[in-house]
Every structure is written in C-alpha cells, then in structure tokens.
Amino acid sequence: MREPNASPTPEPVPDPSLDAAVAPLEVAPDAGREWWRTAVVYQVVLRSFADGDGDGVGDVAGLRARLGHLAALGVDAVWVNPWYASPMVDAGYDVADYRALDPRYGELEDAEALVREAHALGLRVLLDVVPNHTSDQHAWFRAALAGDGAARARYLFRPGRGEHGELPPNDWESCFRGPAWTRTTTPDGEPGDWYLHLFAPEQPDLDWSNREVHEEMLDVLRFWFDRGVDGFRVDVAHGLVKAPGLPDAEGRDRRTEEHPGWDQDEVHDVWREWRALADSYDPPRVFVAEAWPARRAERLPLYLRPDELHTAFEFEPLHVAWRARPWRDVVDRSLAMAGLTGAPCAWVLTNHDVVRQATRYARSQWAEKGTNETERARWPDEVPDLALGRRRARAAVVLTASLPGVLYVYLGEELGLEEVEDLPAALRTDPIFARSGGTDPGREGSRVPLPWSGDAPPFGFSPPTRPDGSPSAPPHLPQPAGWAALSAQAQDGDPSSTLSLYRRLLALRREHLAGAGPMRWLPTPSPDVLALAREGTALQSWVNLGADPVALPAGARVLVASAPVEDGVLPGDAGAWVLVGG
Ligand code: GLC
C-alpha cells in the first residue's frame, strides 16, 4: 500500500531493484480472506495468562475460560507463544516435540477445543513455530548425541579447532551471551565434536541444508493447519540457514552488519515452500515473521515478497524515544517499506522479549533517547515514574491503533501493567540472566501472571483449589500487591481505565478504520504533536508527545482520549481520536 505523504524519510528507503519481485503493489483488501492485513492480534504467554488447574502455571484450560476477555476486548486473533513439550529452558522456545503440548499446558484435545471455541467467537488462532533450533531434549538431538549419524546430520556438529579440538569451530557468539558452540562428550566419555547454538546450549541449531529438516518442519505445519490453526508466528525467521563452511564472523555485529550466521539468501527458499503450503489450504493460512536482519530497510522486504511471509513485526516502536520526530520517522520508514512489498505493517509496542512500555516510558533516560534490550541491564539507576509511564503508554496506543496495518497487543498491556523489576534472582530462569552473570535481569519481568480479580495475589490467576481439592500453588512468578488496582475486574466498569481505553479504541478501529485507506500527516500547532488522517474516514488521530497542552482542531468531536480533554485542549503525553467535519 502506498503512502502518499510518507516522506521525508531520514534513512534510505528499501531499494526495489534488489529483487524484481519486490515491486510496488496495489493490494485490494478482501476483508474475509485478507483479515490478516488489518487485524488486531493478542499475544498470549500461556504460562502467564490464566491458570485452569491450580498449579500456578497458566494453561490452555485457563485461556479457554478467558476467551471472553479477548472477544470483549475486540481483538481478531490470538497468538499463543510456544505451547509444545519443552524443558522450558527458554520459556518453550526450546521445543522437545512439535506435535505435543507440554503437559503443564494441557493435551492435544485441549488445543483442538481452544481452536474450535476461539473460532466460534470469531477469533483466529496463530501458533508460534521455532524452526531455527530444537531443544536438546528433542528425540533427534538425543539420537545425535548417542551417535546416530542421520540424526547428527540434522544439526551442526563440527570438530573443534586447536591441537586437540579444544577451541570452538568458529568465533560466533550466542544471542544469549557467550560462545555459540558447546563441546560434546562421545558415548565412551571422550571429548567430542562441538555443536552450534545461536541461543542457549539447550537449543541446538538445525542444519537447513539437510532436506529432512525441511520435510519435518513442513509436516509440523501441516499437523497444526489440519487442526484448524490459522497461521504461525515464525521465530527468528532470518536465522535457519548459515553461510557455507561456517566462516568466522571476525567481530561483525549480527545486529548491524552482515554475519555468516544470519540472513542468508537461501532462507527465502524455505519461506517459499512454507507459503505454498499455507496457500494450499482453504482458507489460506498466514505467517508473521520475527526477523531482525541487519540492514533492515534493504533486507526485511525480501521476507515479505508475495510468495514468502505475509507480515513481519515492526520492531522500531520498541526502541524509539518518546518524541514526535523520531516516532514520525519510524512510521514513515515502515510505511515506505510496506509500500514496496504490499505487506501491511505489523505494529508492536511491546512483547515477551522487551521491557513493558509503561516502564520504558517511565524513565527519562529511556523516554528521551530510546531503548534497546540491553539497556534493561541499566534499570536501577533511575526510579521509574510509573504514573507518567502509563500515561505515555496509553497515548502511544492511540497512535499505533490508528496506523494502517496490523496491531499486536501483548498480554497485560491492555491493563497498563508495568515491568516487574524486583523479582528474586532465584526465580529469574531466563538464560540471559545466568549467561550475563546477572548483569542483565532477563525477560521474566514482562511475563508475570496477569491480575484478573480480587484484592490479593493470585488475583484470580489461579482457581482457589486444584481438581483434587488441595489449595492451588502460588503463581510461578509473584505479582506486585499494587496490581489489585490493575486487575481486569477493577478496570472493567471504569470508563477511565486502560482496559476501557483499549476496548473503545478497538471498537472504533473496527467501525471507522477497518476499510480506511492510506494515512497522511496533518499540520499541528506544535512540533511535539503528531496528527494523522486516513483516507475515507473523518477520524483523525492526535497524539501529544510533549508536556504542554495543545488545542485540537476547532469543532472536533472527541471519540476517545487517553486523558481527559477539556474545552478542546489535548493535555501533554496524551492522545485522542476525533471526528472533524464528519
Ligand atoms: C525469539 C523469541 C525469544 C527466544 C528466541 C529463541 O527471539 O522471541 O523469546 O528466546 O527467539 O528462540
């Protein structure tokens, strides 16, 4: 979709000459089959959403019981983080069996019932597929360690360097810190080859030059598509294929420079195969890529060619400063990219890997300069002003919900939850915490169980008792006492609550923006204010990222606002949707 007023763009926009298939497309939206172009998708971290059986861990039964919350919120689809059998070294991104649910979450029949019940409520279901690596407890890897040659050929085992093979085969680093290689011990107890893991040692990388790996993953997709699943979020979609010979990276930073471990051209063959499979279903199934290639503006559009993945997360809002100009640049860049590929932008304000936005915006150093995930490590040096952070987080969604494309909502953001920063070290199971020597607290603080109701933990997250009548276990991560005021029940009837704001925004989005066209920026009375209009609707979205109040257009009728608007004045750190002349 082309954005007429999407300039200026401070960074180079994607170059369509990179590949003939990346060319401007005029895409005719088809509300039914093309639902994924404008959907609102709710991300569920299963273990933290709702607990059905009282073990303190969220599960499919809990999600099924709370589907009404999602329907009332007004989302179109649910994306469930990995629910497969897993040792949970990386919260389920270490999959031991792609065709079974982890027993903590339920049985296959529970999954099938969830899909049925979600569909009955008009909600689509997306799962999370992890194709770059398995768990070290996967049957393939266990067989590989036991010496099965065919199984070894599905992973990246290599002899070490040095006289006795005591050095890793190359210099690559794990995304979770430390070397990306671990040495094995042979069945007779001798030091053996090394295997590659771009993440934790318990997540060995698959060898995508092996055809068996392709066939197996296609079969996994079929398994779930045949059960009615509507699509997948694809974990590290710029991973999978490595440069032949696994050459040294020679100090290149995978996030900003070409790196032999990432973003290889051959990975696109995988996405073409996957897309062909998804298109063979009726209705066609869809994909959203988690991909963060270096040289994003040039490389990301390649993943979104019409015969590859449908959408990719737009991650820039996770890092951008709370300032009008940088936000406007992010929107312009992303829409320019969308204009090249025809894929809609998929906006995210937060997810399970980053600090929650209420906390990001609550510290001046982050709000002014922007953040990245490693700055999590610097959290203690300024006490967060959470009231300010929440206020800005509410204004931010007023902006993103009005943009063309898809909107992702991460569990608990509709309640305005903050990052829980004081979790005890013993409960910080994220490998990032241990592998950084405790200098990075890891990602657990955004994955604390939701508060549903009541005045004290577990705030309705778990039922009072287990099926055998014994008392339920406490939630797997402790909830702050202050969350009593943020529970879904506490916010339900309060028109000024964050939950009410999200419900109203999503209802209005359906009413006014579902069929709306491209956006254009509107002139505003202050450089701290962003305002936009969409073709085909009288709705305008106004967001004040500064501290000083500004006047809304004369005669504007306020449909929804993140903070009280009086006498046509939009306060600082607030946003509103208004009807002008409509
Ligand atoms: C993705 C996931 C993250 C996980 C990693 C390894 O980045 O979002 O949570 O740790 O992949 O699978």
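The values are calculated or read from the model by the stated rules, or taken from the named source; none is laboratory data. All values derive from a computational prediction rather than experimental measurement. All Cβ positions, glycine included, derive from the backbone under ideal geometry; neighbour counts span all protein chains shown.
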Single unsatisfied condition, A200 versus (1) crowded, with 17+ Cβ neighbours inside 10 Å; (2) in contact with a helix residue (DSSP H, G or I) (Cβ under 7 Å, 6 or more places away or on another chain); (3) part of a helix (DSSP H, G or I); (4) not polar (S, T, N, Q): (3)
Residues that are more than 13 Å from the ligand (Cβ to nearest atom), out of contact with any Leu (no Cβ under 9 Å at 6 or more places or on another chain) and β-branched (V, I, T), drawn from region 115-141: V115
Residue ranges of helices (runs of 4 or more DSSP H) in region 45-113 with at least 2 members of a type in the set (V, I, T), under 26 Å from G405 (Cα atoms) and more than 16 Å from the ligand (Cβ to nearest atom): none
Yes/no for G442 being at pLDDT below 95, within 16 Å of the ligand (Cβ to nearest atom) and part of a loop (DSSP other than H, G, I, E, B): yes
Out of A473, A507, sole residue that is surrounded by fewer than 17 Cβ atoms within 10 Å (Cβ to Cβ), in a loop (DSSP other than H, G, I, E, B), among the small types (G, A, S) and at pLDDT 95 or above: A473
Subset of region 142-181 [of a type outside the set (F, W, Y) and within 15 Å of the ligand (Cβ to nearest atom)]: E173, S174, C175, R177, G178, A180
Every residue from region 510-523 that is assigned to a loop (DSSP other than H, G, I, E, B) and either crowded, with 19+ Cβ neighbours inside 10 Å or under 24 Å from the mean Cα position of the chain (by Cα) (or both): A514
Any hit, region 117-137, residues being without any contact (Cβ under 8 Å) to a residue 40 or more places away in the chain and in contact with a Ser or Thr (Cβ under 9 Å, 6 or more places away or on another chain): no
Sole exception among (1) within 24 Å of A346 (Cα to Cα); (2) away from the ligand (no atom under 16 Å from the Cβ); (3) surrounded by 15 or more Cβ atoms within 10 Å (Cβ to Cβ) for D282, by number: (3)
Check on Y105, assigned by TED's automatic domain parsing to the domain that holds H238, within 24 Å of V75 (Cβ to Cβ) and either buried (at least 16 other Cβ atoms within 10 Å of the Cβ) or in contact with a Gly (Cβ under 7 Å, 6 or more places away or on another chain) (or both): yes
